[in-house]
Structures are given as structure tokens and as C-alpha cells.
Amino acid sequence: MLFAPKEIRENVARAIGYLQRNEVERALLTMCEALRAMADARLPLSVREKLHNRIRDFLKALENHSILRPLLDPGNTGSPRTFTLHPGKEAALATVLLGLARILRREKEQSLHKQSEAQLERKRQLLSEGLNALRKGQPARGLAFLRRIVDEFSGEDGIRVQMGHILHAAGMNAEAAQMFEDAMALQPREPAAYTGAVTAWLEQGEYAHAERVYKMALRTFGGHPSTFGKMAVMYLTWGKPQEAAEAAHHALQDDPAQVDALKVLAALDIT
């Protein structure tokens, strides 16, 4: 029994499968590969005819596919364009299918561009509403708009940190800190989230919360001298001299010139 080359058979089968899964562009490109290979191959007539039968089934399904209907019947006449496969004309059909694949890709790119522009405009509108509310002294309304931005654009990198900075600038420190901590939970290695949370909690006077965030940062990033130095300043302000001295000494172990640590020890009159 004679068979077509494995590569051709597999590409025909793949193209049919892609079309059944509505991956139309991929189906077109894969069938193009099969057709070009057929055009270059010397196949027995019976083998070529078997392949043609499978390809004709593919083409019939292609003609009836909803994604291609607007291209095959642009005037919506009810008589869409059909595909014809003639023996020895596989390369010509491959060219037609490639052209359709390129059209689909271009339309997809244009659609994504329009969608991106619409999403950007939506974000601008929500942000404008939120900022206007904050400027008018309507914190609850402003927070609601910023949270809506986070909900609708949750996949955007750094979105929570951005909203956290806006809330912090508006003096809504507790809300800002919570936004930064949400960012920490989703992006544990985003330093700006930890820094923002600590700053907001300290300005809120919530030293215990700031300490908790600092310790999370130490577990995540390790004990950097500047982190220990800032913790020493926090403990000093908090009225915890022993903890302040310990944090300062930790900082100076790796950086004897760490400024915050030296200032804390000087304030505690410790050398």
C-alpha cells in the first residue's frame, strides 16, 4: 500500500484539527505547508487523490467557517467564494490560503490595537474621575474609582503600586498601604510595593504594621544594610531603643558607614 510522505500527511491532519479548534490562521498556514510540499513531491496518482479528498473536505469546512465568511462573501450576497483544488495546482492554492492567513493576521492586529486604545481611554476616564473626586475632598468616591481601575486592569504590571502612590499622595495612607500590600501579595519581589507600604504605614503612625512589612522584606530580599538602617530609625521614633540599637548594629556589620544606623547610635549615645 502506498502512503504520502509523513510530513505531508501530518500537516494535512494538523490543519484539519486546527480548523476544528477555530485556530483558522494556524490552519491556513499549516495547510499551505502541506500543499507546497505536495507541489514539490512526485506522488503516485492514487496517493495524491487521497490527499486531495481530505484537503477538499478542509476547504469545504473553511468556506463555511464564520470567521472567513466576511472575506469570502464581503457583500453578504449569499454566494460566498469557493476554493478549488486542481491536480498539479497545489502551489497556487497555497498562495491563496497564505493571502487569507495574512489578511486574518492583519485584521487581528488591527482589532487588538483598537481594543488597546479603548482600554487605555477607559483607564484614563476612570483615573480622571478618581483624581477629580480626591481633589474635591471625596475620598470614598475617589477610592472607588481607583479600585475599579485595579479590578479592570488587574493584569497590568504595577497597577496596584501606581494606585498606591496616588492614594498616598492624597493623604489616604491606610488605604495606600493596603493597596501596596495587595501588590506585595501578587508580586512578592516588587521592591516598590514594600517601600510604599512601609512609608504609608509610618506616616499613618502604624509602627507595628510597618515593622511587619520590614520583616517581610527581610525574608524576601535578605538583610540589606539600608533596610536595617531604616528599621533602626523606625524603632527609635517608635520609642524602642533596644530594637533600634540592634537594627543599627546589623546595618553596620555589612556597611560600617551606613548613615541611618550611625545617626541612630549617635542619638542613643552608643558607640
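The values are calculated or read from the model by the stated rules, or taken from the named source; none is laboratory data. Everything numeric in this text was worked out from a predicted model, so none of it was measured. Note that each Cβ is placed from the backbone with ideal geometry, even for glycine, and that neighbours are counted across all protein chains shown. Each accessible area value is taken on the protein alone, full model and side chains, heavy atoms only, with ligands, DNA and RNA left out. Shrake-Rupley method; radii C 1.70, N 1.55, O 1.52, S 1.80 Å.
A few remarks follow.
- Near pairs, Cβ below 6 angstrom, 6+ apart or cross-chain, from segment 28-43 (closer than 13 Å to PHE58 by Cβ and among the acidic types (Asp, Glu)) to any residue that is at pLDDT below 85 and surrounded by 24 or more Cβ atoms within 10 Å (Cβ to Cβ): none
- Residues within segment 219-237 that are assigned to a helix (DSSP H, G or I) and either open to solvent by 70 Å² or more (accessible area, probe 1.4 Å) or touching a Gly at 6+ places or on another chain (Cβ under 7 Å) (or both), tallied: 4
- Of everything listed in (1) modelled with pLDDT of 90 or more; (2) farther than 18 Å from ARG26 by Cα, the single unmet condition for ALA101 is (2).
- Restricted to segment 1-33, and to residues there that are of a type in the set (A, V, I, L, M), farther than 23 Å from SER66 by Cα and buried (at least 16 other Cβ atoms within 10 Å of the Cβ), the residue that is modelled with the highest pLDDT is ILE8.
- Filtering segment 238-259 to residues that are assigned to a helix (DSSP H, G or I), open to solvent by 40 Å² or more (accessible area, probe 1.4 Å) and either touching a Pro at 6+ places or on another chain (Cβ under 9 Å) or of a type in the set (Phe, Trp, Tyr) (or both) leaves TRP238, HIS250, GLN253, ASP254.
- Cβ pairs under 8 Å, 6+ apart, first in segment 152-169 and assigned to a loop (DSSP other than H, G, I, E, B), second crowded, with 20+ Cβ neighbours inside 10 Å: PHE153/ILE159; GLY158/ALA183
- Top-ranked residue of segment 181-199 - restricted to ones that are of a type in the set (D, E, K, R) and farther than 14 Å from LYS215 by Cβ, ranked as surrounded by the fewest Cβ atoms within 10 Å (Cβ to Cβ): ARG189
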